[in-house]
Each structure stands twice: as C-alpha cells, then as structure tokens.
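Accompanying notes for the structure given below.
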Amino acid sequence: QVQLVESGGGLVQAGGSLRLSCAASGSTKNFFSMGWHRQAPGKQRESVATISSLGRTNYADSVKGRFTISRDNAKSTVYLQMNSLQLEDTAVYYCKHVDPWLVTSWGQGTQVTVSS
C-alpha cells in the first residue's frame, strides 16, 4: 500500500508561483504513473498533470506552459511547479499514485488559493 503526503500549498497572489510536493511511502518501488488532480468548490475533480514511469508528461490544456510536473525517484517524490497562477487555479490539489496493477492511491490534498 502506498501513502502519499502533499505539501506546499498556500495563499499566493495572481501571477505568483508555488511548488507542490508529494512524498510517497510504502510500496513505491514501481509505479505506473503519478500525478496531480485538483478540485475547486462546486466542481468535479480534474486531472492537472501526470508523469509516467517512463517520464512522459501530460498536462491539462488550462495549465500548459505554466505548470511543470517532475519527479525525484531517489526521494519517491513528485513535484508540481506552478507559475503564473490565476484565480481559476484555486482548488484543493491531490496527489495520485497508480501502481503497475493500476491500483490508485490518493493523498489528503493541499489547498491552493490564488488572490487578486
């Protein structure tokens, strides 16, 4: 079983930057993919960015060019660098881990609030 702990959320002004971290523990030696999802009030959870075990990345159109997902295999940690933050980026951000058997684990979420 995989445990995920997110950190790095907070309050930032529009145009600012934040970096989220997701530290994985437990059975993390192999993974199919890891990624970040977000859920804004009254909206469905949506995928923001994913990175595969081969290092391939995928981004939601709304964050392309602004967000960058990366990983540190030695630390079993995935990062989300968020630049040029917009009001619409306000949400709870969740880390997601998918193992080679496609079992999914979620973190507890970290709040990102962008103010004008």
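Averaged across orientations, what area in nm² does the convex hull of the alpha carbons in the chain project?
6.7
FRET efficiency for ALA74 and LEU102, Cβ-Cβ distance as r, R0 = 22 Å, nearest 0.05?
Taking R0 as 22 Å, the efficiency between ALA74 and LEU102 is 0.35.
Rounded to a whole number, what % of the accessible area of region 1-42 do carbon and sulfur atoms account for, probe 1.4 Å?
Using a 1.4 Å probe with all protein chains present, region 1-42 comes out at 50 percent carbon and sulfur.
Provide the per-residue ³J(HN,Hα) series for region 98-106, in order, calculated from phi with Karplus coefficients 6.51, -1.76, 1.60 and θ = phi - 60°, each as a whole number of Hz, with x at glycine and proline positions.
Rounded to whole hertz, the list is 10, 7, x, 9, 6, 7, 9, 10, 10.
Keeping all protein chains in place, calculate the accessible area per residue for the chain (probe 1.4 angstrom), answer in Å².
55
On full extension of the chain, what length is gained from SER52 through ALA14, given 0.36 nm per residue of separation minus the C-alpha to C-alpha distance?
So the extension gain works out to 10.7 nm.
Quick check: pseudo-label points 7 Å beyond the Cα along Cα→Cβ at GLU88 and THR113, how many nm apart are they?
Result: 2.2 nm between the two label points.
Step through the residues of region 34-43 one at a time and calculate ³J(HN,Hα) from phi using the Karplus curve (6.51 cos²θ - 1.76 cosθ + 1.60, θ = phi - 60°), rounding each to whole Hz and writing x for Gly and Pro.
Taking θ as phi minus 60°, the curve returns 9, x, 10, 10, 9, 9, 8, x, x, 10 Hz for region 34-43.
What does the charge count near CYS22 come to, summing +1 for each Lys or Arg and -1 for each Asp or Glu among other residues with Cβ under 14 Å from its Cβ?
For residues surrounding CYS22, the net value is +3.
The values are calculated or read from the model by the stated rules, or taken from the named source; none is laboratory data. Because the structure is a prediction, the values reported are computed rather than measured. Reconstructed Cβ throughout: ideal geometry from the backbone, glycine too, with neighbour counts over all protein chains shown. Surface accessibility is based on the protein's heavy atoms, side chains included, excluding ligands, DNA and RNA. Shrake-Rupley method; radii C 1.70, N 1.55, O 1.52, S 1.80 Å.
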